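One structure below.
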Amino acid sequence: MSTKDFVEKDYYKVLGVPKDATEAEIKKAYRKLARENHPDANKGDASAETRFKEISEANDVLGDPKKRKEYDDARALFGNGGFRAGGPGAGGSFNFDLGDLFGGAQGGAGGFGGGGLGDVFGGLFNRGGGTGRTHPRRGQDIESEVTLSFTEAIEGATVPLRMSSQQPCTACSGTGDKNGTPRVCPTCVGTGQVSRGSGGGFSLTDPCVDCKGRGLIAENPCEVCKGSGRAKSSRTMQVRIPAGVSDNQKIRLRGKGAPGERGGQNGDLYVVVHVDDHPVFGRKDDNLTVTVPVSFSEAALGGEIKVPTLGGPAVTLKLPAGTPNGRTMRARGKGAVRKDGTRGDLLVTVEVAVPKELDDKAREALETFREATASEDPRAELFQAAKGA
């Protein structure tokens, strides 16, 4: 991490989050801004590409608890690019050994471990073991989307997923030189960093502008990656979507994102799942739902009804006599798969079907039934309640 990154850039402002933002808030802000400014969604927009790089850089620091702490402490130590030492109004420069102040054998200063702040700012100060070290860089996280059928979401599925990301250029094997023989940058001598004086008796380091921090210069730049050593690559992965996923759920696949640089770990892949509707079944949390029509006689007299299940044999439910329209019954273990491997239930809602046409025999039977129940007023309680209210 360069001095410019630690001191001059406000990563919190880049992501639009407060300094006390939680990891979840930082992650949410990064994903939103990354989607809005992704080069694939802003073809030919150089400003969006620059913004996307700034957002990714900010997330690399603030998204890693260790790097975030180092960044916060560095910002606290360097106010507006200068070392904050002495009381208010103190003038002049301070010629003292920062190693004596922060390093030594006194354990970790400020919670930074055995080497103190001297280790944290290894590449920041032009002194000691930190000079010239390059650090691994974690690969970027990638987001993708997949659409599943209702049944695939409940039972789980393996789907092909095509992704694009920055990978080491295959044309030059990641060297940036089409002949595969880049030379060491004479400006930074291969370190990728250059020192500059800042007053006060010490110097700071920044990424080398000649090699853009790579430490290498391509004499014959690769035509594919233009000498950067990185190129956009597309690949297809077989991704296993677990059983029981719901619509708009986001699945994290560790290490399946863009590859890291200089030995850094790969980023993660986030897959947003979309689920199509089913013509018969619905879903409520871990339970499936289905509406089953029954005849008036079945609802009034009771009996047994068969109910379809998703991908399995029908189940038989006992319908009590006098079952009202809209009553919900439960078929246990016929729902969606839970995280612990068990299944939710199938919620069966009864819908009394009213025949559109009646033959003479059915009409006569219903007329007889109406006469037999003429003394019963199904709306009596309704009017009684209305008067009492």
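The values are calculated or read from the model by the stated rules, or taken from the named source; none is laboratory data. On a predicted model such as this, the values are computed, not experimentally measured, just so you know. We place every Cβ from the backbone using ideal geometry, glycine too, and count neighbours over all the protein chains shown. Please note that ligands, DNA and RNA were not included when accessible areas were found on the heavy atoms of the full protein model with its side chains. Shrake-Rupley method; radii C 1.70, N 1.55, O 1.52, S 1.80 Å.
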Using beta carbons and a limit of 6 Å, which pairs, at least six apart or on different chains, have the first residue in the range 265-285 and touching a residue at least 40 places away in the same chain (Cβ under 8 Å) and the second one assigned to a strand (DSSP E or B) and surrounded by fewer than 15 Cβ atoms within 10 Å (Cβ to Cβ)? Asp268/Arg252; Tyr270/Lys250; Tyr270/Arg252; Val272/Glu145; Val272/Lys250; His274/Thr147
Applying the selection to the range 304-337, what residues are within 12 Å of Val350 (Cβ to Cβ), assigned to a strand (DSSP E or B), free of Cβ contacts under 8 Å to residues at least 40 places away in the same chain and open to solvent by less than 40 Å² (accessible area, probe 1.4 Å)? Ile305, Leu317, Leu319, Met329
Check the range 280-298 and report whether any residue there is at pLDDT 90 or above, within 29 Å of Gly156 (Cα to Cα) and within 22 Å of the chain's Cα centre (by Cα). yes
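Take Gly255 and tell me if it is free of Cβ contacts under 8 Å to residues at least 60 places away in the same chain and within 30 Å of Pro160 (Cα to Cα). Spell out how you get there, then give the answer.
Working: free of Cβ contacts under 8 Å to residues at least 60 places away in the same chain: yes; within 30 Å of Pro160 (Cα to Cα): yes.
So Gly255 passes the test.
Looking only at the range 259-285, which residues are in a loop (DSSP other than H, G, I, E, B) and open to solvent by 60 Å² or more (accessible area, probe 1.4 Å)? Don't jump to the end; show me each part of the working.
If we filter the range 259-285 for residues that are in a loop (DSSP other than H, G, I, E, B), which is where we start, we get 259-260, 262-268, 276-281, 285.
Result: Arg262, Gly263, Gln265, Asn266, Asp276, Asp277, Pro279, Val280, Asp285.
For the range 110-225, which strands (runs of 3 or more DSSP E) that fit wholly inside it have 2 or more residues that are of a type outside the set (Val, Ile, Thr), under 32 Å from the mean Cα position of the chain (by Cα) and modelled with pLDDT under 80?
On the way: elements: 142-148, 157-168, 193-197, 203-207.
Ranges flagged: 157-168.
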Every pair of residues 6+ apart whose Cβ atoms lie under 9 Å, when the first sits in the range 350-372 and is under 22 Å from Glu304 (Cβ atoms) and of a type outside the set (Val, Ile, Thr) while the second is assigned to a helix (DSSP H, G or I) and open to solvent by 80 Å² or more (accessible area, probe 1.4 Å): Ala353/Phe296; Pro355/Phe296
Given (1) open to solvent by less than 50 Å² (accessible area, probe 1.4 Å); (2) more than 20 Å from Val290 (Cβ to Cβ); (3) within 53 Å of the chain's Cα centre (by Cα), where does Asp340 come up short, assuming only one miss? (1)
